[in-house]
1. By its C-alpha gyration tensor, with a ≥ b ≥ c as the square roots of the eigenvalues, how is the range 175-255 shaped: rounded for a/c under 1.5, else prolate for a/b larger than b/c, else oblate?
2. How far apart, in nm, are two points set 7 Å out from the Cα along the Cα-to-Cβ line at Thr4 and at Ala64?
3. Let a ≥ b ≥ c be the square roots of the eigenvalues of the Cα gyration tensor of the range 127-177; is it rounded (a/c under 1.5), or, if not, prolate (a/b larger than b/c) or oblate?
4. Take every Cα pair under 8 Å in the chain that's 6+ residues apart, average their separations, divide by the length, and report that relative contact order as a whole percent.
5. Any idea what the dipole of the range 65-208 comes to, in debye rounded to 20, about its Cα centre with Lys/Arg Cβ at +1 and Asp/Glu Cβ at -1?
6. How much length is gained on full extension from Asp187 to Ile322, taking 0.36 nm per residue of separation minus their Cα-Cα distance?
7. In nanometres, what is the gap between the two model label sites at Ser47 and Ser234, each 7 Å from Cα along Cα-to-Cβ?
8. With a 1.4 Å probe and all protein chains left in place, how much of the accessible area of the chain comes from carbon and sulfur atoms, in whole percent?
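The values are calculated or read from the model by the stated rules, or taken from the named source; none is laboratory data. Just so you know, these numbers come straight off a predicted model, no measurement behind them. So basically every Cβ, Gly included, is an ideal-geometry build from the backbone, and we count neighbours across all protein chains shown. To get the accessible areas, we keep the full protein, side chains included, count just its heavy atoms, and leave off ligands, DNA and RNA. Shrake-Rupley method; radii C 1.70, N 1.55, O 1.52, S 1.80 Å.
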Amino acid sequence: IALTTDFGETWPSTTGMASWEIGDITATPAADGRIWTGSLSGPHASSDGGLTWTLERTGMPPIAETRYSLPIESVLIDPANPSRLLAFSGNQRNWTAPGALLDGEWQGDGSVWESTNAGASWTRLATVAGGGNIRGASFVGADGSLVFAAVGNRGVFASTDGGLTWQDRSTGLPHRNAYDITGHPTDPAVAWVAMGDGPLGGDGRHVAGGIWRTTDGGASWQPANDGLDIVANSTATDTGSFHQIVVAPSQPDRLYTSNVAPGQAAVYRSDDGGGSWTVIADSSTPRPDAYGGALRGFDIAVHPADADRVAFGSDDTLLGSIDGGATWFDLT
């Protein structure tokens with residue numbers, strides 16, 4: 001993990017990570033000022049703004065010598081109780097490194113772990129989708145009871161009891177290759193899911209992904225793709241695929257997403273909750289381009305108090321904006 005406190009001017013070193021492979025980073029002022037991140041070695045916490053990190057996996061399985069031990073993609077902080085955390089086993093890279101498979105699945109075993117003491121110890125709470133790879137998770141609303149999980153190639157699952165039990169909530173989705181999910185910060189009925197490329201269809205092309213929205217707590221999903229450039233293709237990697245969906249906490253109708261298929265790669269913004277989208281960055285955007293590749297927004301972050309302050313990372317680029325993507329500057 002690298003850290004900047006001056007919006008990219010400098011990047012001082014950080015220490016303490018037990019793994020190079022990092023998952024989602026979660027921060028909230030209510031959680032004792034601590035930042036959390038998932039990794040392929042488990043959850044880590046920082047109490048000094050990200051400068052130093054500590055592996056916090058008491059109660060989780062011991063570290064194994066020949067494979068990753070309980071990879072964690074996301075650590076969520078209960079919006080109604082900052083001492084209660086949920087950690088989700090999986091990783092968005094879908095790695096299958098030698099010796100790293102768990103019961104034939106991707107990294108991770110689909111487990112959900114709970115801490116009621118701000119991460120000092122963990123207990124296994126549940127298993128989602130029979131052990132699928134959890135790529136993303138999100139609380140929906142403000143009371144901490146409704147949680148969604150995006151499970152790779154298995155769809156979207158929801159818990160209405162804070163993570164204890166889970167139900168398939170994939171009705172209306174184009175396929176089951178779910179990559180990321182985010183819930184409305186105050187409205188428990190509204191959430192958005194980013195879908196990757198799907199299986200081959202009858203026309204010989206892979207079913208494209210995109211953004212889908214629920215307004216009934218996950219009972220059904222409708223496409224929210226107006227303005228998104230999405231193309232199906234006979235090759236999966238060239239089919240429209242969306243790996244991130246981010247909502248601005250201070251302005252929940254503001255969303256950011258990106259298509260990561262190389263020929264269609266672009267970052268988008270919505271100002272109406274996904275009703276329509278506008279391109280704010282694509283391969284024509286000026287930037288450092290060490291590898292000469294497409295501008296693929298694999299990770300997007302928006303400031304908690306300023307919906308116009310946004311940053312994203314591509315293969316070899318970090319770009320930031322303070323005007324909602326109208327202009328960008330190099331963060332590296």
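1. prolate
2. The answer from the label model is 3.8 nm.
3. Here the range 127-177 falls in the prolate category.
4. Normalised by residue count, the contact order of the chain is 9 percent.
5. Roughly 160 debye, rounded to the nearest 20.
6. Residue separation times 0.36 nm, minus the Cα-Cα distance, leaves 45.9 nm.
7. 6.0 nm
8. Solvent-exposed carbon and sulfur of the chain make up 52 percent of the total.
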